[in-house]
1. Answer yes or no as to whether Arg92 is open to solvent by 20 Å² or more (accessible area, probe 1.4 Å), basic (Lys, Arg), free of Cβ contacts under 8 Å to residues at least 40 places away in the same chain and out of contact with any helix residue (DSSP H, G or I) (no Cβ under 9 Å at 6 or more places or on another chain).
2. Before we move on, is Arg73 open to solvent by less than 40 Å² (accessible area, probe 1.4 Å) and of a type in the set (Lys, Arg)?
3. Report yes if Ala170 is out of contact with any Gly (no Cβ under 8 Å at 6 or more places or on another chain) and crowded, with 20+ Cβ neighbours inside 10 Å, otherwise no.
4. Are there any pairs with C-beta distances below 6 angstrom linking a residue in segment 215-230 that is under 12 Å from His241 (Cβ atoms) to a residue that is surrounded by fewer than 12 Cβ atoms within 10 Å (Cβ to Cβ) and not small (Gly, Ala, Ser), with the two at least 6 apart or on different chains, and if so which?
5. From the set of residues in segment 144-157 that are assigned to a loop (DSSP other than H, G, I, E, B) and open to solvent by 60 Å² or more (accessible area, probe 1.4 Å), which is farthest from Arg119 (Cα to Cα)?
6. Under the condition of being under 21 Å from Gly175 (Cα atoms) and part of a strand (DSSP E or B), which residue from segment 233-248 is most open to solvent (accessible area, probe 1.4 Å)?
Amino acid sequence: MAHHTRTHTRTLIASGGALLAALVLSACGTADTDDAPVEHKSFAFSGKTLTIDTANTTLELVPADVKKVEVTRQVDGWVVLGSGPDPRWEMRGSTLTLKVKCDALISNCAAKQQVKVPRGVAVTVRGDNGKVTASGFDTALDLRSDNGEVTVRDASGPLKLDSDNGGIVAEGISGSSVEADSDNGTVRLGFTAVPVLVDTSSDNGKVVIELPGGSTSYAVSASADNGNTSVEVPRSDNSSHVVKARSNNGEVTVRTAN
């Protein structure tokens with residue numbers, strides 16, 4: 001009898017495993033947001049700083065000639081033995097929440113959202129999982145992703161950029177100050193105007209800072225615990241233009257932009 005029970009149990013487990021495999025195969029495929037339905041929603045906003053709280057979504061920020069905060073989203077995915085994808089968007093006070101939840105034994109969910117921000121509004125992002133991109137802002141940006149790359153292009157306001165797991169890229173920057181920190185990823189900054197303060201670090205990844213050519217000198221502090229350092233810009237300890245670059249594991253380069 002005991003032998004029969006064990007055999008029956010093994011048969012049930014095997015059958016359950018086969019059923020689960022069949023479910024996965026029937027649902028399998030990579031989530032594709034490009035072909036997902038496009039949804040739009042607008043949110044009234046009258047503040048000076050917009051905070052965006054995200055989870056499990058790629059986020060694109062764009063300044064625009066709009067009076068409201070306008071969001072466009074595409075969500076796709078599948079789950080096995082669970083629920084989702086369940087997207088949520090809402091505005092409470094000055095905080096916009098954009099989250100996608102997949103709660104399942106096996107899942108493949110993806111989302112991308114574009115946010116058009118009224119011109120003149122500063123933006124703070126607290127991202128839980130997903131890359132963050134912003135282009136064309138002249139206001140302050142404070143962008144953080146716990147797991148994803150942070151990219152900024154053509155910005156003239158002060159920047160504070162942070163990623164726990166992902167690189168940081170800033171191109172065409174003309175603002176006076178940039179702080180950039182990555183726990184695991186490359187930090188690469190390119191300036192089109194002379195900054196007052198640049199403060200960068202990476203725990204695991206190289207740091208590259210490209211500054212405008214010319215006679216401006218910089219007070220440069222460059223260090224790497226495990227990697228080479230290279231400074232190829234005019235230097236003066238008394239300069240009011242301060243550049244700090246650190247990496248615990250990776251090269252550090254400060255040079256003139258080509």
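1. It is true that Arg92 is open to solvent by 20 Å² or more (accessible area, probe 1.4 Å), basic (Lys, Arg), free of Cβ contacts under 8 Å to residues at least 40 places away in the same chain and out of contact with any helix residue (DSSP H, G or I) (no Cβ under 9 Å at 6 or more places or on another chain).
2. Criteria met by Arg73.
3. no
4. As it stands, the answer is Ala219/Asp237, since those pairs meet every condition given.
5. Selected residue: Asn147.
6. Per the criteria, the residue is Arg235.
The values are calculated or read from the model by the stated rules, or taken from the named source; none is laboratory data. Just so we're clear, the structure is a prediction, and the values are computed from it rather than from any experiment. Note that we place each Cβ from the backbone using ideal geometry, even for glycine, and neighbour counts take in every protein chain shown. Accessible surface is based on the protein model in full, side chains and every heavy atom, while ligands, DNA and RNA are left aside. Shrake-Rupley method; radii C 1.70, N 1.55, O 1.52, S 1.80 Å.
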